[in-house]
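First comes the structure, then the notes that go with it.
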Amino acid sequence: MRLSGLFWILLVLCAGFTGPARGQGASDLAPPTDLVAADIPNDKGHGVQLTWEPSADASRVQFYEIYRLPYRPPDEGPPLRPEETVDDDWMRVGAVAGGVTAYAQTEGNTTIGAENNPLYVPRDAPTYYRVRARAADGTLSAFTPAVTGIAKGNWFHTQRVNVLVIAFVLGALMLYFIQKAKRGEKIYIRPIPGLSRIDEAIGRATEMGRPILFVLGTGTAAEIATLAGYTILARVAEKTAEYQTPLLVPVNDPVMMVMAKATVKEAYLKAGRPDVYNPDNIFYISAMQFPYVAAVNGLMLREKTATNFYMGVFHAESLLLAEAGSITGSIQISGTDRVAQIPFFVAATDYTLIGEELYAASAYLAQDPKLVGPLKAQDMVKAAILMLAVLGVLEMTVFKTEWIRSLITPH
Amino acid sequence: MKKQLPMFLVFLCGMIMIVQFVVPHEYSQTLFQHSQDFVIVIGVLALPIGIYSLMKSTVTKARREPKERLYSLITIIGFAVMIIAGLKRDWFTSSTSLSSNLFNYILVPAQATLFSMLAFYIASAAYRAFRARTALAAVLLITAFVVMLRLIPMPEPLSTWNAEFVRWILEVPNMAAKRAILIGVGLGAVTYSIKLLLGIERAYMGGD
Amino acid sequence: MPWYDRVLSIDRRWVYLILGLAVVVPVIVEMHIPVTLSREVQAVYDFVSEVRDGELMLLAIDYDPSTMAELHPMAEAIIRQVFEQNGHLLLSSLSQFGPAMTDELITRIAADYGKVHGEDFVFLGYKPYPAITILAMGSDFRVPFPNDYYGNIVDELPMMAGVHNFGDVRGVVALAGGTAADFWIIYGNAKFGVPVALGVTGVMASDYYPYLQAGQLFGLIPGIKGAAEYEQIADRPGEGVRGIPYQTTSHAVILCLIIVTNIAFFAKRAATRRHSQAISSL
C-alpha cells in the first residue's frame, strides 16, 4: 500500500517536472496576453473575474487553463506570493474552451470537510492567477505573468436599483394617496362582483341552516395570496358570527391553522359574539395536496356546505374542489393569483377574484382610506408601466433605438 | 401591545429582507441564511400543533358521529403505522421496507387516482362551460378547440399548420393575457407587502 | 323535455362514464399516434446531449406520485441519456414524496448501465421549503444537503469534489408538479443565473411559455406529450409514447362533447327564438 502511494507521488512529481518544461520551454504556442483579475461586482466577496486577450495562435488553442496559488489560512503562515513559489505550487482551477477569454472563480468555503480548501477565495486579500493555452495535440504555451485579484464584498447591488426605485416610487405614491383619502377625497374603486356577493352568499347559508366552508388554499403563510385570503376570512367570520352560522376552516399548514384561529377569534370578538366561536371548526388536515383535497371534498359532501370560499394559492386541486362543491349545489366564490388555476375557477365557481382583485379585497371591503389609497397608487404605477411599454415598443419600432429599455435596465 | 409587538416584528423582519436584497455583502447574506433557517425551525415547531389538531378533530368526529368512527380509526391507524414504519433512516430508504411498500402500493396509487379524477372533472367542466353564449365565449371556445386538436392525429399538412397555430396562440395572445395578469399580480403583491410592513394591512392578525 | 334540454342538463356522471370508456379504448385497440416535435423539447434534448464524459447536470425531481404518470417518463429518458453519454448526474428532490420515487428510478437505471453512486451520480435527497432550499443550494449544495439521501457525507463523495453550487453544473432540468417550478425560475435562474429547463404537467404548461420566450427557461417539456416527444427524439420509446393514445382518445371525446353541447345550445336558442316570435305574432 505504501509502495503504491510512493509510486503515485513520484508519478505526480514527474508530471510536475515535465509539464511546465514542455510548456515553458521552447513552446511554439503563443500564450494569452493582458490577463486581468478583477473583483466580481455585486457579490458577497469571494469571487474574482479573469479576462485575457486570446493567444496569437488562437486557431490552434483548444483550452485555456487557469491556475492559481492555493489559499493558505492565516494560522499556517502568510499568503503565498508568486515570487516565492515554483510551478508545482500552482494549482489548476479550471479550463475554458479556446474561443472563451473569461473565467470567474467563486469559492466561499474555507474548508472541505475537515481539510482546508485550497480553492477558497479570501475577501479583501490577494489571490494570484495565471493562464496558459493548450493545443489539441497537447502542446502547452508559456504562462502569462501572474496577476493579483482582490475579491471585495459589495455593499450595494447595482443591478437592483430599478426594483428599489419602483418600490420607493410606489411607497411615496401610497403615502400621498392615503393622505388624500384621509382628507376626505373620494377614491373610486370599480365594483368587484366576487366581493360584493360575499354577504349574499353568507345570508344564503344562514337561511338554509348549513355551514360555510373557507379554504385558504395549499400555499404557505408566507405567500401574499394566502395573507389576502385571511383578509376575506376575517370579513366572512365577522358576518358568520353575527348570523351564528358555523364556519369550517380546514387548513394544510399548522402555521396557517394558528393564524386562522387568531383571525376568526378576533372577528368573533369584533362582532361581539365570542361565545359562538368554536376553535374546533378550524383544523389541520394534511400538508399533502391530495389527501387535503380528499378530506375537504368529504367535508363538503357530509356537511352539505351551502357556501364555499376558495381564497389563496391553489394548484391542481382547484378544479377538484370546485367541482365537488358544484355537485353539492353550493354557492362558490374563488380567488387566486395563480394564473393557471384561474380558468378552472372561472369555469366551475360562481364568482372569481382574478389575480390582484384578491389583494384589493381588504380595501374594497373596509373602504378605509388607509387601504384605498395604496390601491390608487398601484393603479398609477401600472399606468406608468403601460405607458413605458407602449413608448418602448414605438421607440424600438420607429427609431430603432433602445433608450427607454436602457433607462429601466440596470447597468 | 398585543398588536404592536407583532407589527413591529413584521416591520423589522421585512426591513431586514429589503436590506439583504440590495446588499450582497457576506454579512448580509449570512443574516439572510439565518433568517431562512428560522423559517424552517418555526415550520418544524408548528408541526406538533398540526398533529394535535388533526388527532383532536378526528377523535371529536368519532365521538359525535358513530358513522364516522371507521374512517377516524383508519386515519389514526394510518398515521401511527406510517410514523413507526419511518422511524429509522434505513427503514425509510430501503426499497423492501414496510415504509417503501406502503409508499409504493398505497400512497402512489391513491395519489395518482385522485389526480386522474381531474380528467373527469375537466371533461365535465368543459361540457358545461364551453358554450358559445356570446361572441367572446365563442372566441374562447374556438381557441380551446384548436388547442385540443393538437393532440388529435390529422393528415399533413393540417397537423403541422395546427401545431404552428397553437404555438402562436400560446406565445402571443395567451402570453399577452398572462403578462397582463402577472404585472397586476406583481404590483399588487408589492403594494400588499408595503401595506403589511407599514402595519396598514392587519386583517391577517384579526383586523384592528 | 325536448332533446336539447336533456343534452344540456345531462347528469355529469354520464360525462364521466363516456370519458372512462374512451380511456379504456387504447387498452383494447392498439394505436400508433404520430407525435409532432416542438422546439422547446428539442432544446432540452440538445442540452442533455452535451452532458457527456464527466460533465455534470442537476436533475430536480420535484413531483409527487400524483403527477408521476406525466413526469416520470421524462426523468427516465433524461437519466438514461446522461448515463449512455457517461455524463454525471446530481439529483435532488424538493417534493415530499419525490425521494422514494427518485431512489427507485436511479437505482434501477444505474444498475442497467453499471453506474456507481458517488462516482457517476449523487442523489442529495429531500429538503422542505423549495424556495429556501434552492437559495441555499446557490451558495453550496452542502448547506441544505451536508449528507446525501443515503446518509453519506457529501464531501466524501468523489463526484462532489470541486462541485459546490450552480456555478459547477452545466444547467438544471427541473421536473416539477407544483410551485418548485416557479422557484427554479425565480431563484435558480434569475438570482444565480444557472440555465434552467422545466418538465411540467400538461395543465401547468401554458403557465411557463412566457418564461420560455423571455429566455428565463431554455427549454420546456410539457406533459405526457412532451415526454413522448423527448422519447421520440432520443429514439427510446417508453411510457411517454405509450401514454399518447390515452390522451388522444380522451381529448377526442372532450372535443365531441363540446360539439354536442354547442349543437344543443344553438338548437335551444333557435327554439326559444321561434317560440317568442310565435307569441309576439299572436
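The values are calculated or read from the model by the stated rules, or taken from the named source; none is laboratory data. Because the structure is predicted, anything quoted here is derived from the model rather than measured. All Cβ positions, glycine included, derive from the backbone under ideal geometry; neighbour counts span all protein chains shown. Accessible surface is based on the protein model in full, side chains and every heavy atom, while ligands, DNA and RNA are left aside. Shrake-Rupley method; radii C 1.70, N 1.55, O 1.52, S 1.80 Å.
For A:V93, the amide hydrogen comes within under 5 Å of the amide hydrogens of A:I66, A:Y67, A:R68, counting only partners 5 or more places away or on other chains and with H modelled in the peptide plane. Can you give the translational diffusion coefficient of chain B in µm²/s, computed by Stokes-Einstein from the Kirkwood radius over Cα pairs at 4 °C and 1.567 mPa s? Rounded, D is 54 µm²/s.
For chain A, hydrophobic long helices are taken as DSSP H runs at least 30 Å long by C-alpha position along their axis with mean Kyte-Doolittle hydropathy of -1.0 or more; these are A:2-24, A:161-182, A:369-394.
Membrane-span-like helices in chain B (whole DSSP H runs, Cα extent of at least 20 Å along the helix axis, mean Kyte-Doolittle hydropathy of at least 1.6): B:4-22, B:69-85, B:135-149. Given a 1.4 Å probe and no ligands, DNA or RNA in the count, how much accessible surface is buried by C and B, both sides, to the nearest 100 Å²? Chain pair C/B: roughly 4800 Å² of buried accessible area.
Based on the convex hull around the alpha carbon atoms, the range C:56-124 presents an average projected area of 4.0 nm².
The ellipsoid equivalent to the alpha-carbon distribution of the range C:135-232 has semi-axes of 27, 15, 12 angstrom, derived from the gyration tensor eigenvalues as √(5λ) and listed largest first.
In terms of its alpha-carbon gyration tensor, the range C:185-282 comes out oblate; a/c meets the 1.5 threshold, while b/c is at least as large as a/b.
Averaging 1/r across all pairs of distinct Cα atoms in the range C:79-164 and inverting the result yields a Kirkwood radius of 13.2 Å. Based on alpha-carbon atoms, the Kirkwood radius and the radius of gyration of the range A:238-388 give Rg/Rh equal to 1.00. Dividing the mean sequence gap of close Cα pairs (under 8 Å, 6+ apart) by how many residues chain C holds gives a relative contact order of 25 percent. The aspartates and glutamates within cross-link reach of B:K61, meaning a Cα-to-Cα straight distance under 17 Å and a gap of 8 or more places when in the same chain, are A:D280, A:E303. When shorter helices are ignored and each DSSP H run of at least 4 residues is given -39500 (n - 2.57), the per-residue value for chain C at 222 nm works out to -16000 deg cm²/dmol.
How many angstrom separate the Cα center of the range C:196-253 from the Cα center of the range A:63-131? The two parts, judged by their Cα centres, are 43 Å apart.
As a length-normalised measure over Cα pairs under 8 Å and 6 or more apart, the relative contact order of the range A:194-350 settles at 28 percent. With N the number of residues in the protein assembly as shown, Rg(Cα) / (2.2 N^0.38 Å) evaluates to 1.05. Ratio of Rg to Rh for chain C: 1.14 [Cα atoms; Kirkwood radius as inverse mean 1/r over pairs].
Under a 5 Å amide H cut-off, with hydrogens placed 1.01 Å from N, C:L56 pairs with C:H88, C:R170 among residues at least 5 apart or on other chains. Solvent-free Debye calculation, one equal scatterer per alpha-carbon of the range B:122-180: log10 I(q)/I(0) at 0.12, 0.14, 0.16 Å⁻¹ equals -0.34, -0.47, -0.60.
Between the range A:244-287 and the range B:37-68, what's the alpha-carbon centroid distance in Å? A separation of 14 Å, based on Cα centres. The largest accessible area among A:Y310, A:Y243 belongs to the first residue in A:Y243, A:Y310, and the rest follow in falling order (1.4 Å probe, all chains). Post the alpha-carbon centroid distance, the range B:165-208 to the range B:80-147, in whole angstrom. Comparing the Cα centres of the range B:165-208 and the range B:80-147, I get a distance of 27 Å.
Largest first, the residues C:Y16, C:Y113 sort by 1.4 Å accessible area into C:Y113, C:Y16. In the complete set of protein chains, residue-level accessible area for A:R92 is approximately 120 Å², probe 1.4 angstrom. The value of relative contact order for the range C:24-111, using C-alpha pairs under 8 Å at least six residues apart, is 34 percent.
Residue pairs exceeding 27 angstrom between C-alpha atoms, taken from A:K182/A:K270; A:K261/B:K88; A:K239/B:K2: A:K261/B:K88.
Surface composition of chain C: carbon and sulfur make up 58 percent of the accessible area, probe 1.4 Å.
Rounded to the nearest 10 degrees, the inclination of helix C:223-233 to the longest alpha-carbon principal axis of chain C is 60 degrees. Measuring with a 1.4 angstrom probe and ignoring ligands and nucleic acids, C:T133 comes out at about 10 Å² accessible. Mean partner shielding of peptide B:127-136, defined as the number of other chain Cβ atoms within 10 Å of each residue Cβ, is 6.
Mind ranking C:F145, B:F8, A:F156, C:F265 by accessible surface for me, highest first, 1.4 Å probe?
Per-residue accessible area, sorted high to low, gives B:F8, A:F156, C:F265, C:F145.
Using the alpha carbons alone, the radius of gyration of chain A stands to its Kirkwood radius in an Rg to Rh ratio of 1.20. Pairs of C-alpha atoms in the range B:81-204 farther apart than 23 Å represent 66 percent of all such pairs.
Each Lys or Arg adds one and each Asp or Glu subtracts one; over the other residues with Cβ under 13 Å from the Cβ of C:F83, this totals -2.
C:C256 exposes around 80 Å² of accessible area when a 1.4 Å probe is run over every protein chain in place.
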